[in-house]
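Structure record follows, encoded as structure tokens.
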Amino acid sequence: MKITGTFIDEISHDIPHQNWGAAEWDADFAHMKSIGIDTVIVIRCGYRQFITYPSPYLIQQQQCFTPPADLLTLFLQLGEKYGMQVWIGLYDSGKYWDTGNMQHEIDANRFVIDELWKQYGHFKSFKGWYLSMEISRRTKGAIEAFYTLGKQCKEVSNGLPTLISPWIDGKKAVMATSGTLTKENAVSLKEHETEWNEILDGIKSTVDVVAFQDGHVGFEQLVDYLSVNKQLADKHGLSSWTNCESFDRDMPIKFLPIKFEKLRLKLEAARKVGMEKAITFEFSHFMSPQSAYPQAGHLFNRYNEYIQAL
Amino acid sequence: MKITGTFIDEISHDIPHQNWGAAEWDADFAHMKSIGIDTVIVIRCGYRQFITYPSPYLIQQQQCFTPPADLLTLFLQLGEKYGMQVWIGLYDSGKYWDTGNMQHEIDANRFVIDELWKQYGHFKSFKGWYLSMEISRRTKGAIEAFYTLGKQCKEVSNGLPTLISPWIDGKKAVMATSGTLTKENAVSLKEHETEWNEILDGIKSTVDVVAFQDGHVGFEQLVDYLSVNKQLADKHGLSSWTNCESFDRDMPIKFLPIKFEKLRLKLEAARKVGMEKAITFEFSHFMSPQSAYPQAGHLFNRYNEYIQAL
Amino acid sequence: MKITGTFIDEISHDIPHQNWGAAEWDADFAHMKSIGIDTVIVIRCGYRQFITYPSPYLIQQQQCFTPPADLLTLFLQLGEKYGMQVWIGLYDSGKYWDTGNMQHEIDANRFVIDELWKQYGHFKSFKGWYLSMEISRRTKGAIEAFYTLGKQCKEVSNGLPTLISPWIDGKKAVMATSGTLTKENAVSLKEHETEWNEILDGIKSTVDVVAFQDGHVGFEQLVDYLSVNKQLADKHGLSSWTNCESFDRDMPIKFLPIKFEKLRLKLEAARKVGMEKAITFEFSHFMSPQSAYPQAGHLFNRYNEYIQAL
């Protein structure tokens, strides 16, 4: 099972920035392409006050800062140059994280989606949408938010596909800033199945792809969870991708590149249950030969040896 | 607004050491010079048992370890070589951090100041003093400590200028080793103004420059705080510099280089309120092309592009 | 006092992996050799589900994952190539960490020791055993575990030497994932002596070398603790090595390379009390010129200058 897609983590939530300019991004798309990545997913077009593109709406109505560069234009142009699909993530106001209320995300993105399509819809590389709210379990309002935003994305863009990437509320589902690596009150496989059956049922008409993050459960539990994820997606008619995280959740430094052996285990679990595509969070920090973390370049080499032997 | 000064973080409190020798420090002064830095500020000449110069007083009276190198001589010589000012920071015994009592800092530095001037006063690059106690709000004894130490520094050195760099007790004012990034009980703008009016009034006769750290308040609050800082300094006759932090306070890894966009926002806020000079904490880890953090080299490039377009 | 041995931290507990392949390991053994390292100690042959060699027992009986490479063969071959001794660490099931009960370590390693000797005993570079349980004070069952496992190691291997590397329960003995750097309830020097006198007495017939970790007490306390460690080992007929940690326990990022000055202080303390050998945890992350942490390469240079001036 090869990784053929990656998130691009701009604007970042908890991964330090690399301060790359256009030249570094161009080189990184070339590195991605060299190992078979055909899809990049911009994880969000803005987070709280920081945004990836000069948005009149977000600057004037949401008090966002005028960005020093238009990263969306850059990424979409690089997508055209390298023949890669670019999926654009929505705006994350941070208010959901602070209050647990999804309404603000719906209200703000109503304008953002229109603006994004108007400003970037002409790029041939613009091939999909990422609904960037990260949820798990029966987050209050999640079904309505995904349904509503997915619907609008598809309507403005002549039906471009929509993607979500939720997390499993497993034992490693702890905040990056917390002083721990695991928690006691993890979801059970049965609860996970029950709750996500309900969620997928509610969003299936406007969400096309679900790519669960694969890093929150034990490695020995992963096949079971991926299997349930695949069955649920099949039942409700969604495509099943796996979001194969390339950073290590088991280390005190949060986060550095994952050990190759763990990445391989997770990819093989995904292959075993028949996942349709593997994407990763994310190539540029954790798998790129030019990452600020040299472990990433070694992971790139180990991964390359692995896929060449497949 | 260009950065024309930087701290040098030896001896470090919470930033891991780079283990540079004389050759790396020489190269770093050249890098600093290349972007217009004319002032380096040694953040402290010693911290608890570790010291930057062979100090008979600190080794014999304060049980400090004999250092493997005389960094003050090295930095002062490099200052002369590159035509840069060197400001020397005082000794931090750590006892203030442990007990909240400033008296020990006053007692120990009485001897350290004399010794520093005797050993290093002949260097033409020795151009100022840094009172290295980092305080905020009405820290018990802070006024007396700053006043007393500033007075002695100026008296022994024929009036060389003195600098302090306090922190604003804002929402990001948390310990580096804590598991959080923000706190609830931040100071209000009004409290900040009232308290610092009192402090600056008490120290104005022996402290010449105040350079508040700019990383403890929200980016959207910064112009307001900088504006108050500038007005208070003007009122009491001090020079206003900004300490534009080049590390990122919003990430779980404490600390890596800041995102360029944030640095730019902070510099533009400082320009807006008329700050007289911008210094940074600090170039060698967070902005240098030879930093152990490659993100720093990219920040150097982004910053260079920025100032060349000014 | 020169460092002539190093741990190899595969499988890692809390240090992020570098994702090296055979070429990088070969280069690292050459780097080690260049500064006089003659002994490498594989810290454990497995940890929980991850293992360093294809072990039928651990895969079939302990549900471990089949590893992507046989690191033990690699390390033993490199030991032969470079004329270095390789000491092999036992299996750490993790159950002792979770439950405080040593019995599982004894039960599992009974099989692992036999398997290791059968698979790797023919390598001329296989020169010793490392009993990888890290304990301190009178850990319940520690004496029996060390005695039993040491006995078996020696019996199967015609008396190859056995090594332990316990920690002193000092003020810096905190978990890597905790949000603190120090604790209040540190052991006293007298308690340390009393308790370790009892432990060493109980294990002396099957453990040949004790190498206490040197990073858990204050630098000013170190000579006292090392001195007690040396006296106790002498009394019970064990060899005394020091495990001179090359990572920094005083920084919020857990962990990056240590400041050279601290390493030097610790080596000189070890020399002062007459330690017979210094090993380090560990070269490849914290002292190697090819480490992902560039501070390690600078530490390598500083250390090299130091030993060349001895």
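The values are calculated or read from the model by the stated rules, or taken from the named source; none is laboratory data. This structure is a prediction, so every number in the text was calculated from the model and none was measured. As a convention, Cβ positions derive from the backbone with ideal geometry for all residues, glycine included, and neighbour counts pool all protein chains shown. Side chains are part of the model used for accessible areas, which takes the heavy atoms of the whole protein and leaves out ligands, DNA and RNA. Shrake-Rupley method; radii C 1.70, N 1.55, O 1.52, S 1.80 Å.
If I filter the range A:103-121 for residues that are open to solvent by less than 60 Å² (accessible area, probe 1.4 Å), farther than 29 Å from A:Glu144 by Cα, modelled with pLDDT of 95 or more and in contact with a Pro (Cβ under 9 Å, 6 or more places away or on another chain), do I get at least one hit?
no
Would you point out which residue out of B:His13, B:His17 is within 14 Å of chain C (Cβ to nearest Cβ), closer than 24 Å to B:Cys64 by Cβ and under 16 Å from the mean Cα position of the chain (by Cα)? Lay out the reasoning, then the answer.
Working: B:His17 fails: under 16 Å from the mean Cα position of the chain (by Cα).
Result of the check over B:His13, B:His17: B:His13.
Checking A:Leu263 against (1) at pLDDT below 95; (2) in contact with a helix residue (DSSP H, G or I) (Cβ under 8 Å, 6 or more places away or on another chain), which single condition isn't satisfied?
Among (1) at pLDDT below 95; (2) in contact with a helix residue (DSSP H, G or I) (Cβ under 8 Å, 6 or more places away or on another chain), A:Leu263 violates only (1).
Can you find, within the range C:27-59, the residue that is farthest from A:Pro289 (Cα to Cα) among those that are open to solvent by 10 Å² or more (accessible area, probe 1.4 Å) and within 14 Å of chain A (Cβ to nearest Cβ)?
Among those that are open to solvent by 10 Å² or more (accessible area, probe 1.4 Å) and within 14 Å of chain A (Cβ to nearest Cβ), it is C:Ile59.
Please name all residue pairs, on different chains or six or more residues apart, with Cβ atoms under 7 Å, provided the first residue is in the range B:14-43 and is at positive phi and the second residue is surrounded by 22 or more Cβ atoms within 10 Å (Cβ to Cβ) and part of a strand (DSSP E or B).
Listed pairs, sorted by first residue: B:Asn19/C:Pro257.
Looking at C:Lys154, C:Lys140, C:Lys95, C:Lys81 in this structure, which one is farther than 28 Å from C:His192 by Cβ and either at pLDDT below 95 or of a type in the set (Lys, Arg) (or both)? Walk me through it before giving the result.
On the way: C:Lys154 fails: farther than 28 Å from C:His192 by Cβ; C:Lys140 fails: farther than 28 Å from C:His192 by Cβ; C:Lys95 fails: farther than 28 Å from C:His192 by Cβ.
After ruling out the rest, the residue left standing is C:Lys81.
Tally the residues that are more than 14 Å from every other protein chain (Cβ to nearest Cβ), acidic (Asp, Glu) and closer than 25 Å to A:Pro252 by Cα, restricting the search to the range C:246-283.
Within the range C:246-283, the subset more than 14 Å from every other protein chain (Cβ to nearest Cβ) is C:270-271, C:273-283.
Narrowing the set further to residues that are acidic (Asp, Glu) leaves C:276, C:282.
If we keep only those that are closer than 25 Å to A:Pro252 by Cα as well, we get C:282.
Total meeting the criteria: 1.
Among the residues of the range B:153-167, are any touching a residue at least 60 places away in the same chain (Cβ under 8 Å) and either closer than 27 Å to C:Leu181 by Cβ or within 14 Å of chain A (Cβ to nearest Cβ) (or both)?
Scanning the range B:153-167 turns up at least one residue that is touching a residue at least 60 places away in the same chain (Cβ under 8 Å) and either closer than 27 Å to C:Leu181 by Cβ or within 14 Å of chain A (Cβ to nearest Cβ) (or both).
Scan the range C:83-102 and report the pairs whose first residue is basic (Lys, Arg) and whose second residue is in a loop (DSSP other than H, G, I, E, B), with Cβ atoms within less than 7 Å and a gap of 6+ or a chain change.
Pairs that qualify, where the first residue is basic (Lys, Arg) and the partner is in a loop (DSSP other than H, G, I, E, B), are C:Lys95/C:Asn101.
Just need a number here: residues in the range B:98-137 that are among the acidic types (Asp, Glu) and over 30 Å from B:Thr194 (Cα atoms).
Keep residues of the range B:98-137 that are among the acidic types (Asp, Glu), which gives B:98, B:105, B:107, B:114-115, B:134.
Checking the rest, the ones that are also over 30 Å from B:Thr194 (Cα atoms) come to B:114-115.
Number of matching residues: 2.
With the requirement that a residue be open to solvent by less than 10 Å² (accessible area, probe 1.4 Å) and either of a type in the set (Asp, Glu) or more than 16 Å from C:Asp224 (Cα to Cα) (or both), what does the range C:161-176 give you?
From the range C:161-176, those open to solvent by less than 10 Å² (accessible area, probe 1.4 Å) are C:162-166, C:168, C:170; that's our starting set.
Correct list: C:Thr162, C:Leu163, C:Ile164, C:Ser165, C:Pro166.
Of (1) charged (D, E, K, R); (2) closer than 27 Å to C:Phe146 by Cα; (3) within 12 Å of another protein chain (Cβ to nearest Cβ), C:Glu305 satisfies all except one. Which?
So the condition that C:Glu305 fails would be (2).
Quick one: which helices (runs of 4 or more DSSP H) sit completely within the range B:199-286 and have at least 2 residues that are open to solvent by less than 10 Å² (accessible area, probe 1.4 Å) and either closer than 18 Å to B:Phe7 by Cα or basic (Lys, Arg) (or both)?
Details: elements: B:222-236, B:260-273, B:283-286.
It comes to B:260-273, B:283-286.
Determine, yes or no, whether B:Tyr293 is surrounded by fewer than 24 Cβ atoms within 10 Å (Cβ to Cβ) and closer than 28 Å to B:Ala22 by Cβ. Working first, answer last.
On the way: surrounded by fewer than 24 Cβ atoms within 10 Å (Cβ to Cβ): no; closer than 28 Å to B:Ala22 by Cβ: yes.
No, not satisfied.
Please find, within the range A:177-198, the residue that is farthest from the other protein chains (Cβ to nearest Cβ) out of those that are among the β-branched types (Val, Ile, Thr) and open to solvent by 50 Å² or more (accessible area, probe 1.4 Å). Step through it out loud before you land on a result.
Just the residues of the range A:177-198 that are among the β-branched types (Val, Ile, Thr), to begin with: A:177, A:180, A:182, A:187, A:194.
Imposing the further condition that a residue be open to solvent by 50 Å² or more (accessible area, probe 1.4 Å) reduces the set to A:180, A:182, A:194.
Numbers: A:Thr180: 6, A:Thr182: 9, A:Thr194: 27 Å.
By that ranking, first place goes to A:Thr194.
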